[in-house]
1. Starting at the first residue of segment 253-258, write each ³J(HN,Hα) from the Karplus equation 6.51 cos²θ - 1.76 cosθ + 1.60 with θ = phi - 60°, in whole Hz, x for Gly and Pro.
2. Using Cα centres only, tell me the gap between segment 267-314 and segment 72-147 in whole Å.
3. Net charge near M334, counting Lys/Arg +1 and Asp/Glu -1 over other residues with Cβ under 9 Å of its Cβ?
4. Compute, for K137, the solvent-accessible surface of its heavy atoms (probe 1.4 Å) with the complete set of protein chains present, and express it in square angstrom to the nearest 10.
5. Enter the accessible area per residue of segment 180-297 (Å², integer; probe 1.4 Å; all protein chains in place).
6. Counting other Cβ atoms within 10 Å, keep those with at most 13, restrict to DSSP loop, and tell me which GluC sites (Glu not before Pro) in segment 162-269 are left.
7. L114 versus K278, label points 7 Å from Cα toward the beta carbon: distance in nm?
8. How much of the accessible area of segment 250-302, probe 1.4 Å, is carbon plus sulfur, in whole percent?
Amino acid sequence: MLSRATIRARSTASACLLCQWRSFSVSYQRLADKTPSPPNTKPTTPDDAAKDAAPAPVTKSPIEALRESGPLANAPRAYGKKLDTFTPTHLSRPIGMHNPPNPGENTGIDFRTLQQKRDDFVNYEKHLKKREMLKSKISRPYFRDWRNMQFHKGKTFLAPPRLFKADLSLYFPNLHGRTLAKDAAAKVADTTPLLEGHCSVVTVFSSMWAENQIRTFVSPEANPALQSVLKQSGGRAQLVQVNIEEDAMKAWLVRLFMGSLRKKVAEDDWKRYFLVTKGITDEIRESIGLLNSKVGYTYLVDHNCRIRWAGSGDAEGDEKEGLVKGVQRILDEMTKEGVGKNYVRKTASVPQLKAEEAGAAQ
């Protein structure tokens, strides 16, 4: 005779077996429905086997390619391999950007709409790129630039013995920042409209140490011949100073004491003194040789915004004389080309060139 407890136990056991059968049967049907991939019947050759065994080529970013193949490939940097010894050499090739500069570039201002920001926020590939960028910045040693100052007081390269040829020279990038001018129109400006049509000696620095290095090239006490050439040029040659302060606190202090800076700089040169806080990318630093933020750099830029000569650190040897001769030669070129106050821009941006080529093809 079966009791109620026995009947209940048997019904429970059968229910459990039924659940197990359903689970196993469903899993079995899913595995059975999956069709196996057909085997590779193509005969393999030794070349195919070597291709399969060879690792996939690693694609390098444009910055890494420029760092490894540029004229400053062996120079010390704030990142990368630490160097124990370094001796600066003359620039053997032109430095600069490959595309002509345009006003409004490298401002560091985000002009994206809310929809574009939202699309970029949910884009996984852009997140990976930003992650790599942040990783490279975090992994940079903080005192590497100061340590590299032991190599010839931070001198990254020696100035070339003569000017780079105009048709082979590369371009100085557009920089955007505040000037010492008090009028609203010139208070925030770009460097490209100022450099076009002039022979410009551009100095770039970001600390008092770097500014003292710049003075060995351009100050009246260290290089009176340069000041004489600038004054006798009739406004065709000029001195442009670029103070880079990417730290927000330091930039605020510089803006706070702009009144004292105006006392040190002649009033006619207020529009030629720039305080740049944003827009200096790693590509720009690698292209024009700004490899140490604690070092001052001097560039000779012609009327087409091309870098024809460059120096770093303290002036050594005949670098000051080379700068003066370079200014005189560019002034002679401007005279032959008829470049005066009414300068017409001869360079065009890459999109403009493509549009002109498309119009000519039609």
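The values are calculated or read from the model by the stated rules, or taken from the named source; none is laboratory data. These figures come from a predicted structure and were not determined experimentally. Note: ideal-geometry Cβ built from the backbone for every residue, glycine included; neighbour counts use all protein chains shown. The accessibility values were calculated without ligands, DNA or RNA, using every heavy atom of the protein model including side chains. Shrake-Rupley method; radii C 1.70, N 1.55, O 1.52, S 1.80 Å.
1. Per-residue couplings from phi come out as 5, 5, 5, 5, 9, 5 Hz.
2. Rounded to whole Å, the Cα centres lie 16 Å apart.
3. Details: positive: R236, K336; negative: D302, D332, E333, E337.
Combined, the nearby Lys, Arg, Asp and Glu give -2.
4. Ignoring ligands and nucleic acids, K137 comes out at about 110 Å².
5. Details: 5480 Å² over 118 residues.
Ligands and nucleic acids excluded, the result is 46 Å² per residue.
6. On the way: sites: E196, E211, E221, E245, E246, E267; in loops: E196, E221, E245, E246.
The qualifying sites are E221.
7. With each label point 7 Å from Cα toward Cβ, the separation is 2.0 nm.
8. Details: 1250 of 2440 Å².
Carbon-and-sulfur percentage of accessible area, whole number: 51.
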